[in-house]
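Enquirer: Once you've had a glance at the structure underneath, I'll fire off some questions.
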Amino acid sequence: MREGNAPLIRREDYVAPAFWIRTVDISFDLDPAKTLVISKMKVERNTAVPHGPLRLHGEELQLLRVLINGESVSFRQEGHELVIEAAPDADFTLEVRNTCAPEKNTALSGLYTSGGSFFTQCEAEGFRRITYFLDRPDVMAVYTVTLRADKTKYPVLLSNGNLADSGELDATRHFAVWHDPFPKPSYLFALVAGDLVAREQRITTRAGRDHLLQVFVRRGDLEKTEHAMNSLVASIVWDEARFKLPLDLERFMIVGVSDFNMGAMENKGLNIFNTSALLASPATATDADFARIEAIVAHEYFHNWTGNRVTCRDWFQLSLKEGLTVFRDQEFSMDMAAAPSARAVCRIQDVRQLRAMQFPEDSGAMAHPVRPDSYVEINNFYTATVYDKGSEVVRMYQTLVGRAGFEAGMKLYFERHDGQAVTCDDFAQAIADANPGSALATRLEAFKRWYSQAGTPHLKARGTYDATAQTYTLTLSQTNPPSPGQDSKLAQVIPVAMGLLSHEGQVLPLQLQGETEPAGTDRVLVLDQSAQSFVFVNVTADPVPSLLRGFSAPVLLDDGLTDAELLVLLKHDTDAFNRWEAGQRLSLNRILAAVRSGKPLVLDGAYIEAMRSLLRHPQLDSAFKELALTLPGEAYIAEQLEVIDPQAIHAAVDAAQNQLAHALRDDWVAAFEGNQVSGGYQPDPVQSGKRSLANLALAMLVLDAKRSGDTVWPGRAYQRFKDAGNMTDRLGALSALVNAHAELAEPALARFHQQFKDEALVVDKWFALQGRAAERDGKTFARVRQLLQHPDFSLKNPNRARSLIFSLCMFNPAAFHRTDAAGYVFWADQLLALDAINPQIAGRLARVMDRWTKLAEPYRSAAREAIVRVAAKAELSSDVREIIERALA
Ligand code: 0A1
Ligand code: ZN
């Protein structure tokens, strides 16, 4: 483990490496206790930087010998560096021999074992835990990898690229040699060795090349790989069609592993996946799992160009590959959804995720720009800001230059930078240069503030209508609140997609002063000052503005609209996103008023009728209705408040939920009955939309039954739970019972565990459901504590740790924030236990306290006490230390 006194690394200190490593010929004698690694490298001095020693990174390794040009050489070890002063000026070969201990590697970074097989995870800095190397993304080499291992225990031996040779070594051992022709940074290296089986498919791409696709998993999981394979094929087809980016490898492999810190990893030609992001069958995975798998398979595949062919110069540029690749996977999911309404559903889900995770991050202790300025532990910067806000930034490029302009920009980016390690500036320049004179190119430097300024901009919009002149003046203004280390900020470039509607819901033409005719009914205004006014002419009626359509910029919007105006948008907006947003705003306004006033929430008739007509609407999709009738998340509600009282927020949401359940009871019955799916299971938007609305309706009906004492709906839920033909329905019914604290919840939970105890991913769901269950009288918290002792619980498996501990601490504010501080004590205890096993996962758990300073008393003081207790531990990892110190700064 890296101890917690690691130095701060600054973006402005970047210097190119003193040496380049051009080729790596590396062999492994795989043994769980002690693996021998021999690495032979061709090295060149980089004459563009001052003359200096060769410094190689290495951690948790046993060094055996170092040779230069076949001769031993003197070296010294300085912390985690191996320093060779006498490296030649001419090109030379470097040979390093070392061992590492995969079975002791519980951090799951570097080479480790899981379920008796070997796997690697090298991003960001895991390769240095395998051998000594210039472990930085701007050092790109061509790798040849030889694997030697026991042939019965490890019949499958894989690495990046193409299989060059394989065979027997002796009676018990065999070998394989892999060669990857593409130069790559060390973080994209991978190897796998184990007893695995593969689903295979051969495809011929548009370019006429043949490829072999393989998905490797443990025996018994093969039938759960069909969806992943289909998703991979769809991703390949999409990237060729949309961005003209072909598959460049003869063989593309995906491997599943059940111990993995993240979702998946884009190693060149050998993607390694958390099984939770790969395996699906209708019986074990929900619709949401199917959608997530499709998106992650696509994401990793798309990295082959955005990340692998063009990579990052340094880790500050992480969003160059991550923001862009998230954008690409979001676009892919939307295109797969096809129907306009299903596309809108995708967008709403992405924005909900952004608001739930990234907005709080951007106003808390860990707020950082999309391109951070400094870090201690890079693993702490795989964040919602780098990924999801980064993706919104890429989306804004597309909004500013148009879809065709963006595609032209991508083309230029690859023409200029294929095979290079580059920066976010290089990307911005390519998009701008491909679109001279565009709204982006003319404001490029200001636009790039999205990379350098942290925090969510506040956008204010106010309009005035002049009936005599028939003009409508819309004034947009922005404020950019301070964030850690950034007290004052400059105006951002904010694209505001918008339209105007009459109060009767008619769409109005948009003609700005100075224009000779209207330019459609939907356009993008660009705010690039702290305040600007836009005057629309020939406006025949006092309009209702529909602003930030499709969520055209990642900002908090205050449009000052009244309930009556929001109702117009809810009923008539042609932009489905803003229609949904209007409903959310109506809910949010009521919840915030209750929290601010301290008075119990009572829903008014107008609101209830609006929700009823949504639910009954004959044309709207089920998926859209489900999203529209789901109340805003508690984290997003908290974002709107100066002081956060998690219990008050929860009480208001709970009251709104109960009243909606009761007032719309008959409509919920109709929604439940009208959304039953017949025919075989398909995880498509139509079927999954129906299931999601039926599940919401059932949850509401069981909740209302709890209040009235009715037993019919809990009984029906239990029946559905038992008889369900797929996991979406089964889990939906089970969570309806658990969240309503129905008596039948207990037998249902027991039955579920019994039925699925051999399916690890389903057992994770069982823990997660209980960790996230609605709190009532401290029962959820007590149960989570009890579940820590369950024989199936383990901190060592990240999925399992997340399923119980993160569910409570991160996703169940009402159970976690307790007046007796027991939630915080639980957090500190689990954090310290986890840190000794897996610092990366512990670093994530530490983030739970990011926003403690905004908590109301008594939570604030109790939270501080728990953080201080963690900070006082001497043996913290650098991952946790960085988060904790930022929280206390
Ligand atoms: N690049 C991967 C995510 C990833 C990052 C770090 C990891 O280990 C520390 C693992 C995976 C992606 O974006 O999918
Ligand atoms: Zn990624």
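No lab work stands behind these numbers, since they all come straight from the coordinates. Values in this document were obtained by computation on a predicted structure and should not be read as measured data. Note: ideal-geometry Cβ built from the backbone for every residue, glycine included; neighbour counts use all protein chains shown.
Enquirer: Which entries in LYS224/LYS796; LYS411/LYS489; LYS244/LYS460; LYS321/LYS571; LYS184/LYS873; LYS42/LYS153 show an alpha-carbon gap greater than 31 Å? It would help to have the intermediate numbers written out before the result.
Expert: Working: LYS224/LYS796 24 Å; LYS411/LYS489 33 Å; LYS244/LYS460 40 Å; LYS321/LYS571 39 Å; LYS184/LYS873 39 Å; LYS42/LYS153 33 Å.
Those over the limit are LYS411/LYS489; LYS244/LYS460; LYS321/LYS571; LYS184/LYS873; LYS42/LYS153.
Enquirer: Computed on alpha carbon atoms, what radius of gyration and Dmax characterise the stretch 434-553, expressed in Å?
Expert: In order Rg, Dmax, the Cα atoms of the stretch 434-553 give 15.8, 49 Å.
Enquirer: Right, here's the next one. How large, in Å, is the stretch 758-825 by the Kirkwood hydrodynamic radius built from its alpha-carbon pairs? Each step should come with its number before you reach the end.
Expert: Numbers: mean 1/r = 0.0843 Å⁻¹.
The Cα-based Kirkwood calculation yields 11.9 Å.
Enquirer: Give me the percent of DSSP beta bridges within the chain that run antiparallel, rounded to the nearest 5.
Expert: Values: 104 of 128 bridges.
Bridges in the chain that DSSP calls antiparallel: roughly 80 percent.
Enquirer: Could you list the trypsin sites (Lys or Arg not before Pro) in the stretch 185-246 that lie in coil according to DSSP, counting only those with at most 13 other Cβ atoms within 10 Å of their Cβ?
Expert: Those satisfying the criteria are ARG206, ARG209, ARG219, LYS244.
Enquirer: When the helices in the chain are scored as -39500 (n - 2.57) per DSSP H run of 4 or longer and the sum is shared across all residues, what 222 nm value do you end up with, to the nearest 500 deg cm²/dmol? Mind showing how you got there, number by number?
Expert: Numbers: 29 runs with 345 residues, N = 889.
Rounded to the nearest 500, the figure is -12000 deg cm²/dmol.
Enquirer: Counting Lys +1, Arg +1, Asp -1, Glu -1, what net charge surrounds ASN267 among other residues with beta carbon under 12 Å of its beta carbon? Intermediate values should be presented prior to the final figure.
Expert: Values: positive: LYS184, LYS268; negative: GLU123, ASP180, GLU266, GLU300.
Value of the local net charge: -2.
Enquirer: Same structure, new question: Using r as the Cβ-Cβ distance of ALA283 and GLN349, and R0 as 30 Å, what FRET efficiency do you calculate, to the nearest 0.05?
Expert: Numbers: r = 24 Å, r/R0 = 0.80.
Computed FRET efficiency for ALA283 and GLN349 comes out at 0.80.
Enquirer: Report the extension gain between THR711 and VAL49 in nm, rounded to one decimal, defined as 0.36 nm multiplied by the number of residues separating them, less their alpha carbon distance.
Expert: Details: separation 662, 0.36 × 662 = 238.32 nm, distance 7.65 nm.
230.7 nm is the gain from fully extending THR711 to VAL49.
Enquirer: Straight-line reach only, C-alpha to C-alpha below 26 angstrom: list the lysines that LYS706 could link to, leaving out same-chain residues fewer than 8 apart.
Expert: Those lysines meeting the cut-off are LYS599, LYS625, LYS690, LYS722, LYS765, LYS779.
Enquirer: Report the local net charge at GLN513: Lys and Arg +1, Asp and Glu -1, summed over other residues whose C-beta lies under 15 Å from its C-beta. Present the calculation step by step, with values, prior to reporting the outcome.
Expert: Details: positive: ARG523; negative: ASP466, GLU515, GLU517.
That works out to -2.
Enquirer: In the stretch 1-148, if every C-alpha pair distance is counted and binned at 5 Å from zero, what percent goes to each bin?
Expert: Going from the shortest bin to the longest, the percentages are 2, 9, 18, 23, 21, 15, 9, 3, 1, 0.
Enquirer: Taking +1 at the Cβ of each Lys and Arg and -1 at the Cβ of each Asp and Glu, which of ALA446, PHE672, GLN353 sits farthest along the dipole of the chain towards its positive end, judged by Cα position relative to the Cα centre?
Expert: It is PHE672.
Enquirer: Here's a follow-up. Compute, for the chain, the length of the dipole vector about the Cα centre, with Cβ point charges of +1 (Lys, Arg) and -1 (Asp, Glu) only. Units Debye, rounded to 20. Spell out each step's value before the answer.
Expert: Details: 95 positive and 111 negative charges, 215 e Å.
My answer is approximately 1040 debye.
Enquirer: Dividing the alpha-carbon radius of gyration of the stretch 539-676 by 2.2 N^0.38 Å (N being the number of residues), what value is obtained? It would help to have the intermediate numbers written out before the result.
Expert: Numbers: Rg = 15.4 Å, N = 138, 2.2 N^0.38 = 14.3 Å.
In units of the 2.2 N^0.38 Å rule of thumb, it is 1.08.
Enquirer: Using bins 10 angstrom wide from zero, how does P(r) for the stretch 411-504 break down, in % of all Cα pairs?
Expert: 12, 30, 28, 20, 7, 2, 0
Enquirer: Let me ask something additional. Show me the GluC sites (Glu not before Pro) within the stretch 617-725 that DSSP assigns to loop and that have at most 15 other Cβ atoms within 10 Å of their Cβ.
Expert: Numbers: sites: GLU626, GLU634, GLU639, GLU642, GLU673; in loops: GLU642.
Passing sites in the stretch 617-725 are GLU642.
Enquirer: If you don't mind, there's one more thing I want to ask. So how strong a dipole does the stretch 771-889 carry about its Cα centre when Lys and Arg Cβ are +1 and Asp and Glu Cβ are -1, to the nearest 20 debye?
Expert: Values: 19 positive and 13 negative charges, 59 e Å.
Computed about the Cα centre, the dipole is about 280 debye.
Enquirer: Which whole-number value in Å³ per residue fits the convex hull of the alpha carbons of the stretch 159-226? Don't skip to the end; give the middle numbers.
Expert: On the way: hull volume 9.8 nm³, N = 68.
Convex hull volume per residue, Cα atoms: 143 Å³.
Enquirer: Full extension from GLN529 to GLN647: what is 0.36 nm times the residue separation minus their Cα-Cα distance, to one decimal in nm?
Expert: Here the answer is 38.6 nm.
Enquirer: Follow-up question, since we're still on this one. On a full-extension model of 0.36 nm per residue, what is the gain between HIS179 and GLN77, subtracting their alpha-carbon distance, rounded to one decimal in nm?
Expert: 33.6 nm
Enquirer: Right, next: Are there trypsin sites (Lys or Arg not before Pro) in the stretch 741-786 that DSSP puts in a loop and that have at most 15 other Cβ atoms within 10 Å, and which ones? It would help to have the intermediate numbers written out before the result.
Expert: Numbers: sites: ARG751, LYS757, LYS765, ARG772, ARG776, LYS779, ARG783, ARG785; in loops: LYS757, ARG772, ARG776.
Counting only loop positions with at most 15 other Cβ atoms within 10 Å, the trypsin sites (Lys or Arg not before Pro) in the stretch 741-786 are LYS757, ARG776.
Enquirer: Translational diffusion coefficient of the stretch 343-491 at 25 °C, 0.890 mPa s, Stokes-Einstein with Kirkwood Rh over Cα pairs, in µm²/s as a whole number.
Expert: Details: Rh = 17.4 Å.
Reported coefficient: 141 µm²/s.
Enquirer: Same structure again: Can you list, bin by bin at 10 Å, the percent of alpha carbon pairs in the chain, starting at 0?
Expert: Once binned at 10 Å, the Cα pair distances of the chain give 2, 12, 21, 25, 21, 12, 5, 1, 0, 0.
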